[in-house]
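Throughout, read-outs are computed from the coordinates displayed, never taken from laboratory work. Everything numeric here is computed off the predicted structure, so don't read it as measured data. All Cβ positions, even for glycine, are placed from backbone atoms using ideal geometry, and neighbour counts span all protein chains on display.
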Amino acid sequence: MPSATFPIYIQSSLGRHRLTISSADTLYKVKKDFKNAFPEASHINTTMFRFYLNGSYLSDDSKTVEDVEVRRGATLHMMLKTVSPDASVDTEKKKDE
């Protein structure tokens, strides 16, 4: 059975954008398609963003739209990943210290 195509919306800091996707598309592909479809998004590093649907974090970009139950007209919220300031601090002591 061929995969269905339908419109969804992506809400980001750049606004709300309509994008036509396929139910067989992975979340990674949706991110790439968003970046390619809107010139104002061309600077976005898609690996630094997460999708949320109905308040739930969609953690695996290899899952398909169908797997995570994205439906026609749904809004995916694209949010910047946050990194704890402690994560960027090197807590290991150097040998010569």
Region 21-78, subset of a type in the set (Gly, Ala, Ser) and more than 14 Å from Ile10 (Cβ to Cβ), residue surrounded by the fewest Cβ atoms within 10 Å (Cβ to Cβ) = Gly55
When residues of region 9-18 are limited to those that are in a strand (DSSP E or B) and more than 13 Å from the chain's Cα centre (by Cα), the one surrounded by the most Cβ atoms within 10 Å (Cβ to Cβ) | His17
Give me the pairs: first residue in region 41-61 and free of Cβ contacts under 8 Å to residues at least 24 places away in the same chain, second residue of a type outside the set (Asp, Glu) and loosely packed, with under 10 Cβ neighbours inside 10 Å, beta-carbon distance under 9 Å, and six or more apart or on different chains, which are they?
-> Thr47/Lys81
Just name the residue that is nearest to the chain's Cα centre (by Cα) out of those in region 52-83 that are closer than 16 Å to Asp25 by Cβ and among the basic types (Lys, Arg).
-> Lys63
